[in-house]
Each structure stands twice: as C-alpha cells, then as structure tokens.
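Visitor: One structure is given below, represented as structure tokens, and several questions about it will come after.
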Amino acid sequence: MTQLIATQAEDAAQLQRDLARALDGGPALGLGMLGLGESGDHSETVDDGTAVVVGTSGSSGIPKRVVLSAEALRAGAEATAARIGSGSWLLALPAGYVAGLQVLARSILAGTTPVVLDGGFSARSFAEATLPMLRGHDEQLFTSLVPAQVATLLDAAVEDTTVLAALQAYSAILVGGQALPAPMRERAAELGARLVRTYGSTETSGGCVYDGVPLDTVAVKAVDGELSIAGPMLADGYLGDPVLTETTFVRDELGIRWYRTGDLGIVEDGIVRVHGRADNVIVSGGVNISLDRVERIVRSIPGLTGAVVVGVDDERWGEASVIVAERGDALRRSESEQLEHARAVVAEELGKAARPARMIIVDEIQTLSSGKPDREAIRRLAAELH
C-alpha cells in the first residue's frame, strides 16, 4: 500500500513535480478529493502502483473517486504521442481535471515543462502564452482545450492576427469534454487551426479516441448500443466503491477488461460515433428522446453552436427539452424565428417528438471550473422559467 496525499492543483509546476514522483512510485496524489483531508493529510492509503485519484462527478453528477495507476497514465500519454507526436505543451485547462493532468503527464514523458496560462482564459492570454513558445524552439506545440475556449479563439482570430498566429502555431489542438460542433470545426479549418476531436473520460486517463479513431492500444465496441473501451489506460476503479467498480469495469469471456462508458454509440469501419449519454434521455409524449442528440443537431445551426439542451417537466408531454443559448449567439434571428428554425431542423433529423419546446436566452452559459457547461444549474434555471 502507498500513501494518498491530497494535493492542490493551482500550482501547476509543483503538481508536475509531484506527478513525476507519483509516476515513479512515489506517494499517490488526490485531486479534487471528496472526504480526504487538506494537503498533507495521509489519512488514506491506496494500492501500490496508484499514481493519482481524481475526484469527479463526471457526466452523471454522482461523485466518484477514480483510481489511475502510473501505468494507465503513462499508457495514455504514450499513445497520444504515438498518434500526434511529442513536443511542448500549453496548459490552458485546470490541472485537477484529467485533460489538464494529461498535459502534465505528456510533458513529463517528453522531458519538457509546459507553459501555464496565467489568470483566466482569454484570447489575449492564449496568444501571449503561445507566441514566446515559438522563439528559438524546434519542438512541435500542442494544447488541450474545451469547445467554449475554441469558440473564443475563433471569434477573436477574425480580427486579431496575433490570436490567429497563435492558433496556427499548434501541430494539434486536442478538443474534448463535450461534442465539437461541425460549424466550429469548419471555421477552425478555414483559419488553419488543426483541431483534433477527442473522446474519453477520467476512467480512460483522458481522451483515447481521436477524430473517431481509437488510439493504437485502444479497443472500442458497442454492446446493446452502449460503447465499451479496453486498453492499458483504463482506471483501476473507484476508490471505496467496489460495487460501482465491478459494474462499470467488466471482463469478457476472454478475460479482457472493458470500461462501460454509459455512452450510446456505434463503431462502423473502425470509426467510433458517439450519440450521447444513455442516462441523458427524457420521455416526451411516451417517446424516448436523447438530449445529447438534440443538442448536437441544435449546435449545428449557425448562432447556436454554444447552446445547451436540457430536459424539464412538462404538464402536457411529461417531459420536454429546452434550448438555453447565450444572447450574443442566439439573436442573429429573433428568438421565435431561431426556435422555429431549430424545431424544424430537429424534427427533420429525429422526428417531431424530439422538437425542443422552448428557447431561453441568457447573458452567459453557466460553466464548471473544467469549462464544461454546468448542466444541473442550467436545468434548474430552465425549470424555473419553463
């Protein structure tokens, strides 16, 4: 057994040093831990080989403590390097989440020190952090972002050549955390930004499917419509929750260990297509509606690329979906016109039963510290206003 030490993720340089020791057999780190004491409290122990335990609520909102071994983190980082190359990284995401943590792990394996974005994220801070990385260095540049950050950079790059140059400097910009709307990908390609769509979770040591193609050491299959993932980067399980571990990580008849993602999807000709969360479904008028699929279609509409679709109780239909969009994006048409257009597009793709019932315009979409939409807060707002 080894000690588990609660660690603050605000000091990325110190966290990278601690992570390097953890990957080399040192004390395991507890990030975002629930129920663990302050930094320096050694009140819990974990199995030998554990590098990090990440506290996360994931997509389900249920608190979990994901156990990642040094082997898993290394496997994820090495598979990424094999796919996109190795070089210098910009850390623009919280290091306490797996996407930011993997930036540190990849840097350790590459023998480099990541540049850390100072203060809050903005197009200006991104450019100011990036451009010095180009001077006197031959390494390829990489970073990891969420779609909301990409949208901020693309908007700014239209008018600011410095931001445009920073975007174009990266050999690959990994984008994960949520679906990447097609209009955003197209805008990025037009501007010369090389985005890579990633799919994965804390349980897979971060993204392990790039642009729909699993990394070389990863296998993905669909079982009864649910995606499962196998590979050396899988987590050991959930700290203190053997029942959840047993039901989430299962072995097949060949003894291969699979992670049940809870995501609906298919695998066709080696390409993984994710349809949405199995548990993000409403029943509207007796019809099961995947909110993730509705949201993906809504986000394909110009002006709604950052919209969020949530479910609320409805007196007539039992449940209904609501589009929540930021004011600056959504009002390229009138609110009623934008809603009717979105309803028509969704109906064409998924049928009339899937049409959103309402649209709510807000000044700013509420987000978590990871940059993902705070869906529970957005759902509560929609329920209050519905």
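The values are calculated or read from the model by the stated rules, or taken from the named source; none is laboratory data. Predicted model only: the values in this text are computed from it and were never measured. Because the Cβ atoms are built from the backbone with ideal geometry, glycine has one as well, and the counts that use them run over all protein chains shown.
Visitor: Within the set of pairs 6 or more residues apart or between chains, which connect a residue that is touching a residue at least 24 places away in the same chain (Cβ under 8 Å) inside the stretch 94-111 to a residue that is crowded, with 24+ Cβ neighbours inside 10 Å and among the aromatic types (Phe, Trp, Tyr) with Cβ atoms less than 7 Å apart?
Guide: Qualifying pairs under 7 Å: VAL103/TRP89; ARG106/TRP89; SER107/TRP89.
Visitor: Could you say which residue among ILE256, ILE271, ILE266, ILE301 is within 21 Å of LEU174 (Cβ to Cβ) and aliphatic (A, V, I, L, M)?
Guide: Only one candidate passes the filter, namely ILE271.
Visitor: May I pose another question? Tell me, which residue of the stretch 99-135 that is surrounded by fewer than 15 Cβ atoms within 10 Å (Cβ to Cβ) and basic (Lys, Arg) is modelled with the highest pLDDT?
Guide: Here the residue is ARG124.
Visitor: Mind listing whichever residues of the stretch 291-332 are more than 26 Å from LEU153 (Cα to Cα) and without any contact (Cβ under 8 Å) to a residue 40 or more places away in the chain?
Guide: If the condition is that a residue be more than 26 Å from LEU153 (Cα to Cα) and without any contact (Cβ under 8 Å) to a residue 40 or more places away in the chain, then LEU291, GLU315, ARG316, GLY318, GLU319, SER321 are the ones that fit.
Visitor: While we're looking at this one, here's another question. Look through the stretch 184-206, keep the residues that are polar (S, T, N, Q) and farther than 20 Å from ILE266 by Cβ, and return whichever of them is nearest to the chain's Cα centre (by Cα).
Guide: The qualifying residue nearest to the chain's Cα centre (by Cα) is THR202.
Visitor: Quick check on my filter: what residues within the stretch 211-225 are surrounded by 22 or more Cβ atoms within 10 Å (Cβ to Cβ) and either in a strand (DSSP E or B) or hydroxyl-bearing (Ser, Thr, Tyr) (or both)?
Guide: PRO214, VAL220
Visitor: Among the residues that make up the stretch 163-182, is at least one of them within 17 Å of the chain's Cα centre (by Cα), under 21 Å from SER205 (Cα atoms), in a loop (DSSP other than H, G, I, E, B) and aliphatic (A, V, I, L, M)?
Guide: yes
Visitor: Now for a separate question. Is there a residue being among the β-branched types (Val, Ile, Thr) and either at pLDDT below 90 or surrounded by fewer than 17 Cβ atoms within 10 Å (Cβ to Cβ) (or both) anywhere in the stretch 311-327?
Guide: No; the residues of the stretch 311-327 include none that is among the β-branched types (Val, Ile, Thr) and either at pLDDT below 90 or surrounded by fewer than 17 Cβ atoms within 10 Å (Cβ to Cβ) (or both).
Visitor: Which one of these is closer than 23 Å to VAL209 by Cβ and not in a loop (DSSP other than H, G, I, E, B): ALA81, ALA95?
Guide: Step by step, each of ALA81, ALA95 is checked, and only ALA81 is closer than 23 Å to VAL209 by Cβ and not in a loop (DSSP other than H, G, I, E, B).
Visitor: Let me spell it out: the conditions are (1) modelled with pLDDT of 95 or more; (2) loosely packed, with under 15 Cβ neighbours inside 10 Å, and ASP138 meets all of them except one. Which number is the exception?
Guide: (1)
Visitor: Hey, among the residues in the stretch 1-52 that are outside any helix (DSSP H, G or I), under 25 Å from the mean Cα position of the chain (by Cα) and not hydrophobic (A, V, I, L, M, F, W, C), which one's modelled with the lowest pLDDT?
Guide: Looking at the filtered set, the residue picked out is GLY35.
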